[in-house]
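Data first, discussion second: the structure below is written as structure tokens.
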Amino acid sequence: MTLTAQRPYRGVFPVAPTIFDDRGELDLAGQRRCIDFMIDAGSNGLCILANFSEQFVLTDAEREQVMHAVLEHVAGRVPVIVTTTHFGSRICAERSRQAQDAGAAMVMIMPPYHGATFRVPEKGIFDFYRTVSDAIDIPIMIQDAPVAGTPLSVDLLARMAREIPNIRYFKIEVPMAAAKLRDLIAAGGDSIEGPWDGEEAITLMADLDAGATGAMTGGGYPDGIRQIVDPYLAGRREEAMAAYGRWLPLINYENRQCGLQAAKILMQEGGVIGSDAVRHPLQRVHPAARAGLIEIARQLDPVVLRWGQ
């Protein structure tokens, strides 16, 4: 492991997209190139099988294929977070144990939810995470995201951090994330090993000011996010703010126009991967949106647009 892999994990841990060919089949060779690019571009670590990885269009067998292909290819160069979200406590625990056994540094898990209305009460959420924690020895990151539609109070998060041994990291990407991060750090104290930012870094400066020590962003330009996070964590806030101002138009375009396709578009444009395909029923972004993303990116000269040339 590199020095950046020592706990507490800090810095930029982007989500790796799952790479498909134009027919929608897994492209594991392209996946490995994607991972090499992301490491070369400065990722302190990686996250796989997240929502931005289209985890919801993969079979269980494909999830395992991707997980093993990535972890074997990374081979300890950087820590890898594996998303193991599932509604079922036992299944989520089994997925998490498999990820640990394969070499994951951490697992990331949303609270149990299904559709717009299937929810469990706070006791169920607490017991769900305790069941997973009891099955593994590596840290768990709770993903507090609007997609789950499950309110996670600061009190509940802090209590889980104090009382469940492996609950240590928190990816906060709900509205007013900075306020929640600040409150969580105050309530949880030393139990909050990793308060992290999400949502493609669109609120990154506010979240860093609130105490975030990590950022889980899209995978297209970790070098750009490093230009913000590195100086901030080194105490050079003005330098970080200037970099945030430079990269924010691209961050905004990803967040608001292209979503999970942004990283693939940039990677294909730069020759990292052969296809920017997403799996049906997802639809490719409009060609004008694709062109707009690339136009903004070219002004910043990110590694992705020259890595494969």
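Two decimals, Cα atoms only, Kirkwood Rh: what is Rg/Rh over the stretch 4-116?
Numbers: Rg = 13.6 Å, Rh = 14.3 Å.
Ratio value, two decimals: 0.95.
Restricting to the stretch 3-222, compute how many DSSP beta bridges are antiparallel as a %, nearest 5. Intermediate results must be reported in sequence, preceding the final value.
Details: 2 of 25 bridges.
The answer is about 10 percent antiparallel.
Residue-normalised convex hull volume from the C-alpha trace of the stretch 180-309: 122 Å³ per residue.
Taking 25 °C and 0.890 mPa s as the conditions, I'd like the Stokes-Einstein D for the stretch 3-222 in µm²/s, using the Kirkwood hydrodynamic radius from alpha carbon pairs. D, rounded to a whole number, is 142 µm²/s.
Loop-located trypsin sites (Lys or Arg not before Pro) in the stretch 235-278 (DSSP state other than H, G, I, E, B) with a sparse environment of at most 10 neighbouring Cβ atoms within 10 Å are absent.
Kirkwood hydrodynamic radius of the stretch 248-309, from the reciprocal of the average inverse Cα-Cα distance over all distinct pairs: 11.7 Å.
If you add up the charges near H86, with Lys and Arg at +1 and Asp and Glu at -1, over every other residue whose beta carbon is less than 14 angstrom from its beta carbon, what do you get? Don't skip to the answer; put the middle values down first.
Working: positive: R63, R90, R95, R97; negative: D60, E64, E94.
Spelling it out: positives minus negatives among the neighbours equals +1.
Set the Cα radius of gyration of the stretch 65-116 against 2.2 N^0.38 Å, with N its number of residues, and you get 1.20.
Placing a label point 7 Å from the Cα of D301 along the Cα-to-Cβ line, the residues of the stretch 225-244 whose backbone N sits under 18 Å from it are 225-228, 243-244. When the trypsin sites (Lys or Arg not before Pro) in the stretch 22-123 are filtered for DSSP coil states and for at most 16 other beta-carbon atoms within 10 Å of their beta-carbon, the remaining sites are R23, R119.
Bear in mind that the values in this text are calculations on the coordinates, not laboratory data. Treat the numbers as computed from the prediction; the structure is a model and nothing was measured. As a convention, Cβ positions derive from the backbone with ideal geometry for all residues, glycine included, and neighbour counts pool all protein chains shown.
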